[in-house]
Every structure is written in C-alpha cells, then in structure tokens.
Amino acid sequence: MPSTQPPVNLAPEPPADDAGRYLALQARDARFDGRFFTGVTSTGIYCRPVCRVRTPKAENCRFFERAAQAEAAGFRPCLRCRPELAPAQNAAMHWSTQDASAMLALQAADLMEHPAQADDAPGIAAIAARLGISERHLRRIFEAHWGITPLRYLQTRRLLTAKQLLTDTRLPVADVALLSGFASVRRFNAVFVQHYRLQPTALRKSTSSPSHSSPASLAKVSDPVRDLAPEAAAFRFQGAYRPPYNVQHLLDFFANRAIAGLESVDPVKGLIRRSISLPHIGTMLRGWVEAQWAVDQHRVQLRISESLASALPVVLTRIRAWLDLDADPAAMDPMLCPDFSGSEGIRVPGTLDGLELAVRAILGQQITVKAARTLTERLVNHCGIPLARAPEGLARCFPDAATLAALSPDALVSLGIVKQRQQAILSLAHAVQSGALHLQPGGDVAATMAQLQTLPGIGTWTAHYIALRALRWPDAFPSGDVALQSALGVREANNPAAAAEALSHRWRPWRGYATVRAWQSLSKT
C-alpha cells in the first residue's frame with residue numbers, strides 16, 4: 001500500500017524564470033525539451049533547450065513558452081534542432097492551478113497542436129465550438145494568455161508541420177501545403193517566405209536528404225499496383241520525448257496484450273509495429289506504423305507506410321499519444337514516486353484507434369489479460385481487414401465501426417463473446433459509426449464518459465479505462481478495478497472502491513499515471 005504521508009518533492013522545480021531557463025539551456029537538459037524555446041537576438045533564430053549549437057550569451061537570449069510566441073516576436077526556427085520535433089506541453093499539468101480562462105486558452109492551444117481526425121480542419125470557429133464558447137471570447141482569452149491571436153498560433157502550427165514534411169519526406173510542395181492545412185499552394189508559399197525568409201524548396205535543399213523512397217504525390221502513394229517492398233515504401237520521422245522514459249515497461253505492456261497479425265513487439269530490440277486504420281474524407285485509410293527507441297538520444301525513430309500519406313500529420317499525432325511522448329516526468333514523478341518507488345518515467349500506454357481500445361476494454365471485462373487477448377484474436381481473425389504490403393508480423397487491421405456494426409449476435413456468439421458484451425460492442429460500433437461518439441484525444445472527457453455509460457454493458461470501470469488510454473485523460477481513475485485495489489492495499493476495506501477513490505486525491509491531476517504505476521507494482525511482487 002502506498003505511503004499515507006504527504007508526497008515529498010524529490011526533484012527540483014522546473015525553471016520558471018529566465019535565469020533558470022538559461023541554466024537548463026547550458027546543460028542541454030532534455031527534461032525541459034518543449035517546455036520553453038530560446039530566441040537568440042544575435043541570429044534571429046529560436047531553438048529547443050537541447051540544441052547542440054554553441055550556447056549563446058545570456059544577454060542575447062529571450063525565452064518563450066510556445067513556438068508561436070517566438071515566431072510572433074520575429075524569430076525563425078532552427079534548422080538543426082528543429083522546434084517542430086519538440087514534445088508538446090500537456091494542458092492537464094496546469095488544470096488544478098489555473099483559472100477557467102487560462103484553461104480554455106491551454107485547451108484551445110492543444111486542439112490546434114493535435115488534430116483529432118484525418119479529415120479534421122481545426123479552424124478557429126471549430127475550436128471555439130468544441131470548447132463551447134464564441135469566437136470572440138476565444139480570441140480575447142487566447143490573446144490575454146499567450147499574447148498572440150489564435151489565428152497566428154494556428155498558422156505557426158501549420159508552418160511547423162509543413163517544415164517537418166518538407167524536411168522528412170519527398171512529397172511535392174502542393175501536397176505538403178494541403179497536409180499542413182493551407183487552402184492553396186500560393187497562400188502557403190507566401191506565408192512560408194514571409195515567416196522563414198526562404199522558399200519551401202530552398203528549405204528542402206538546405207537540410208539533409210529526406211529518407212522517403214520517392215517523390216510520389218498523394219494521388220499515387222496508396223496505389224496498390226506499386227511494387228515496392230514494405231521496407232522501402234515508408235516515410236521516416238523522429239519523435240522526441242522528455243526523459244526519463246521507462247521504455248521496457250511500455251514494451252512489456254504492449255507485448256503482453258499483442259494480437260497476432262495486428263501488432264508485433266520486440267522488447268529486446270525496443271521495437272514495436274502495428275497496423276492502423278483511420279477515416280479520411282469519407283473513406284478508410286489502412287497501413288502500418290513502426291517505432292524504435294534511441295534511448296541515448298531521447299528519441300523514437302518512426303516509420304509510417306506510404307498508404308497513410310494523405311493523413312501524415314494526424315498519424316504522427318496519434319503515434320505521440322500512443323507512446324505518450326508528450327508526458328512530463330518532471331511534473332509528475334515528484335508527486336508519484338514517493339508512493340510508487342522505482343516507477344520513474346513510466347508512461348500511460350495509449351492507442352492508435354479509440355474504437356479498438358474500447359472494444360478490447362469490453363472484451364477484457366472481469367477476465368484475465370490472456371483470455372481477453374484470445375477473444376480479441378478471434379474477432380480480428382473473423383472480421384479484421386486484410387492489410388496488403390505489410391512488414392513481417394502484420395496481416396490485418398482491426399475492424400472499423402461499420403464492419404463491427406454489421407456483425408450479427410450469432411457471429412459474436414460463435415467467437416465465445418457473451419450476450420452482455422455483444423450488446424456493448426454493437427452499441428459502441430453504431431455510436432462511433434454515426435458520429436455520435438468520438439474516441440480520440442481532444443474531446444469533452446466528461447461528456448464522452450457519460451455517453452459511454454449510457455451504452456449497455458459499459459460501466460464506470462470501462463469508461464475510465466477508455467478515458468485513460470484512448471482519450472488521454474491523465475486523471476482517469478478506475479477505482480473499481482480489483483487489481484488496482486489490491487495494489488493500493490484497500491481490497492479488504494468495507495468499500496474498496498471508495499477507499500481507493502479517497503486515497504487517490506493526493507495524486508491529482510495524475511491519477512491515471514498513478515493507476516499504471518500501481519498495476520506495475522503488482523508485477524514486481
């Protein structure tokens with residue numbers, strides 16, 4: 001059972017002033033990557049704290065919390081450390097200390113940083129509607145908090161996305177403009193030149209040679225007649241994270257739940273592959289992704305199949321959520337480690353597909369991980385979508401909402417799925433197919449959880465588990481989970497769920513991370 005004493009802050013507070021930030025910059029401390037950016041007045045360039053260039057003089061440094069603020073002040077992104085690769089900040093770390101207006105500004109910034117769907121264009125009107133406020137109010141609170149307009153912030157996000165695609169792929173400039181959210185190539189070129197003082201093609205020439213196999217257009221990259229090996233027909237990217245990162249825990253978690261043909265995990269090599277499908281302009285894109293950790297560089301090497309080219313920014317966003325690359329251990333470890341020793345750097349395993357995670361959560365209700373894996377494998381073998389030209393170990397994609405909704409109860413019975421779970425899966429699939437339910441980060445967590453619990457067979461435990469891994473809610477806490485209760489030492493209480501809930505308040509707003517660490521503590525006993 002965790003200690004009942006107040007948690008002790010074992011780590012120094014992150015730098016809050018310019019002097020502290022300069023010390024982090026001098027140390028090239030990766031723990032602060034993405035937490036601030038440094039504009040250098042003598043060069044007009046802004047960098048990440050981990051940039052390997054010579055440290056500028058303190059008097060030449062200006063510090064910014066977000067890249068958009070640095071660009072609004074006239075600085076251009078560094079071509080060496082590439083600010084677009086920095087881990088994003090998580091609004092959840094601020095929620096308990098910020099007022100409502102500041103929280104709305106943080107949530108709006110998160111929505112701009114993380115498009116939820118492949119065909120989602122996060123315009124200002126759409127973001128205001130999602131937050132339940134007017135555009136005028138959004139502009140007012142956003143400017144008050146960040147010092148720049150939401151449109152300027154969104155434009156910087158689009159430019160940085162374009163910069164990443166120009167650097168890491170051979171996609172034509174027209175396709176880069178489209179994927180980055182610009183309405184036309186002409187507008188993209190004009191904005192790019194205005195902000196970065198060079199043509200998009202000049203940026204591509206000035207950086208190292210992209211690793212993509214060929215300059216295919218979006219109209220061609222998913223053409224099934226192209227005879228390219230899966231190893232060649234892939235985009236290559238990098239994903240940065242803040243250390244520490246317990247890679248072994250994440251890989252073991254996924255390996256213990258891996259579905260044959262759907263995902264492949266090699267904990268020894270630090271490698272994971274899996275298939276993915278996602279909606280895009282009325283169709284379903286299907287392909288695969290791969291991640292391999294370069295721990296000494298605090299990076300993940302990523303590969304994404306060509307078939308997903310028309311949704312690359314969203315796929316990259318989903319990968320970051322899947323691997324929890326934006327977590328901030330410096331914020332949560334001091335609060336959690338005193339109660340869960342040896343848990344530094346443990347992340348919350350996410351998902352690439354919220355529907356898949358929800359179905360697997362339903363199938364896993366009140367049974368062992370092994371039994372749940374067996375049921376899921378039967379379902380995937382029965383109605384999973386075949387995946388062409390995939391790497392070894394991958395053969396199918398998880399069935400989409402339309403496929404699941406079309407299943408008959410008899411078909412589910414033949415797979416060994418009991419009636420209550422049949423109803424839950426079919427109701428869930430219909431809700432997702434109709435667009436009434438969105439199981440991706442960025443939505444209204446409370447409303448989504450309430451809606452989930454209106455479906456037959458989905459209770460509080462399942463809703464919290466889905467919120468934790470699919471919605472990426474860091475404060476999710478399935479207090480009714482038997483394993484969690486055992487790990488917390490409250491299983492013998494008169495009301496174990498209430499006892500676990502009472503104990504959990506000390507870990508807010510990181511109760512989801514406390515849950516994963518509690519589960520992990522059981523494996524060590």
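The values are calculated or read from the model by the stated rules, or taken from the named source; none is laboratory data. All figures in this text were calculated on a predicted structure; none of them were measured in a lab. Using ideal geometry, Cβ is built from the backbone for each residue, glycine included, and neighbour counts are taken over all protein chains shown.
Points to keep in mind about this one:
- Residues (surrounded by fewer than 19 Cβ atoms within 10 Å (Cβ to Cβ), part of a helix (DSSP H, G or I) and touching an Asp or Glu at 6+ places or on another chain (Cβ under 9 Å)) located in segment 32-75: A58
- Any hit, segment 377-389, residues being over 27 Å from G282 (Cα atoms), in contact with a Leu (Cβ under 7 Å, 6 or more places away or on another chain) and surrounded by fewer than 18 Cβ atoms within 10 Å (Cβ to Cβ): yes
- Test: A19 is surrounded by fewer than 16 Cβ atoms within 10 Å (Cβ to Cβ), modelled with pLDDT under 95 and in a helix (DSSP H, G or I): yes
- Given (1) modelled with pLDDT of 95 or more; (2) outside any strand (DSSP E or B), number of the condition R274 does not satisfy: (2)
- A single member of Q420, Q451 is farther than 30 Å from D110 by Cα and surrounded by fewer than 21 Cβ atoms within 10 Å (Cβ to Cβ), and it is Q420.
- Among the candidates G354, G342, residue that is out of contact with any Gly (no Cβ under 8 Å at 6 or more places or on another chain), of a type outside the set (K, R) and on the phi > 0 side of the Ramachandran plot: G342
- Residues of segment 346-371 that turn out to be among the hydrophobic types (A, V, I, L, M, F, W, C) and without any contact (Cβ under 8 Å) to a residue 24 or more places away in the chain, as a count: 2
- Hey, D333 more than 11 Å from the chain's Cα centre (by Cα) and assigned to a helix (DSSP H, G or I) or not: yes
- With respect to the conditions (1) out of contact with any Phe, Trp or Tyr (no Cβ under 7 Å at 6 or more places or on another chain); (2) buried (at least 18 other Cβ atoms within 10 Å of the Cβ), A518 falls short on a single one, namely (1).
- The sole residue among A411, A406, A358 that is under 24 Å from the mean Cα position of the chain (by Cα), of a type in the set (G, A, S) and not assigned by TED's automatic domain parsing to the domain that holds M103 is A358.
- Residue in segment 125-180 that is nearest to the chain's Cα centre (by Cα), counting only those that are part of a helix (DSSP H, G or I) and β-branched (V, I, T): T161
Residue-wise test of (1) in a helix (DSSP H, G or I); (2) free of Cβ contacts under 8 Å to residues at least 60 places away in the same chain; (3) in contact with a Lys or Arg (Cβ under 9 Å, 6 or more places away or on another chain); (4) of a type in the set (D, E, K, R).
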residue	(1), (2), (3), (4)
H430	yes, yes, no, no
L437	no, yes, no, no
L455	no, yes, no, no
A467	yes, yes, no, no
P478	no, yes, no, no
E492	no, yes, no, yes
